[in-house]
Structures are given as structure tokens and as C-alpha cells.
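S.K.: Provided herewith is a single structure, encoded as C-alpha cells, for subsequent inquiry.
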Amino acid sequence: MGYLNEGGYGVPENTYIAFLYYKKAKELGHTKAMMKVGLVLYNGIDQFVEKNEKEAINLWTTAAQKGDTESLNYMGLIYEKGCDYIEKDEKKVKDYTVI
């Protein structure tokens, strides 16, 4: 349902409703949903979802460890650019980035 709401497939497009479905799937252990929730938390959704980069990175790390290739790439980008609590690390960029 998250995918359908996110893209407006058969239902009105609604990123926030998609986020709620992805969040529920994440709680049930769905790896791709972890990546999607992390993406929303990293960027936030206007007044609906506050940005939380630290939680996003935690979710991407967990999803990456479970083999999610998009999360691997997001973590590669985080280590390439660095952030408030993660320093740039070229070795980790290579470890995380999927070519």
C-alpha cells in the first residue's frame, strides 16, 4: 500500500499516507520499508514528518546489513559527504557503494 500511495497507483498520491504504510511494514521487519522510512526521515515531509537524519542513517545501516542495495548506496553517499555525526570515510564509501 505504501508503494501505491507513494506513486498514486489506483489511489490519490499521498506521501504521508505512504510513509505510514512503510512505517508499519518497517515495524514488521520489511527491509525495503526500512529504506523508505529512512528516506522520509532524512528529508522530512513538510509539517507532517520532522527530519531525523540520525534515525534515517540507523535504518539505512540496518537495511544495508540485510542486503538492501539502495540503503547501501545511501550509506555510501553519507560516508562520501559526511554529516554532523559521521565523518567522511573513503574506505566505507567503497564498502557501501553498489556499482
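S.K.: Of everything in the stretch 20-40, what is among the aromatic types (F, W, Y) and under 17 Å from D68 (Cβ atoms)? Give them in sequence order.
M.R.: Y22
S.K.: Which ones in the stretch 53-71 are surrounded by fewer than 17 Cβ atoms within 10 Å (Cβ to Cβ), assigned to a loop (DSSP other than H, G, I, E, B) and either in contact with an Asp or Glu (Cβ under 9 Å, 6 or more places away or on another chain) or not basic (K, R) (or both)?
M.R.: Of everything in the stretch 53-71, just one residue is surrounded by fewer than 17 Cβ atoms within 10 Å (Cβ to Cβ), assigned to a loop (DSSP other than H, G, I, E, B) and either in contact with an Asp or Glu (Cβ under 9 Å, 6 or more places away or on another chain) or not basic (K, R) (or both), namely G67.
S.K.: Looking only at the stretch 72-99, which residues are assigned to a helix (DSSP H, G or I) and surrounded by fewer than 15 Cβ atoms within 10 Å (Cβ to Cβ)?
M.R.: L77, K81, E90, K91, K94, D95
S.K.: Could you check the stretch 1-52 and list, in sequence order, the residues that are surrounded by 14 or more Cβ atoms within 10 Å (Cβ to Cβ) and either touching a Cys at 6+ places or on another chain (Cβ under 6 Å) or among the small types (G, A, S) (or both)?
M.R.: G2, A18, A25, A33, G38, G44
S.K.: Something else now. Given the conditions (1) farther than 25 Å from V98 by Cβ; (2) at pLDDT 95 or above, and given that G8 satisfies all but one, which numbered condition is not satisfied?
M.R.: (2)
S.K.: Same structure again: Please determine, by comparing only the residues of the stretch 7-19 that are more than 14 Å from the chain's Cα centre (by Cα), assigned to a helix (DSSP H, G or I) and not hydrophobic (A, V, I, L, M, F, W, C), which one is farthest from D68 (Cα to Cα).
M.R.: It comes out as Y16.
The values are calculated or read from the model by the stated rules, or taken from the named source; none is laboratory data. Every value quoted in this text rests on a predicted model; they were computed, and no experiment measured them. As a convention, Cβ positions derive from the backbone with ideal geometry for all residues, glycine included, and neighbour counts pool all protein chains shown.
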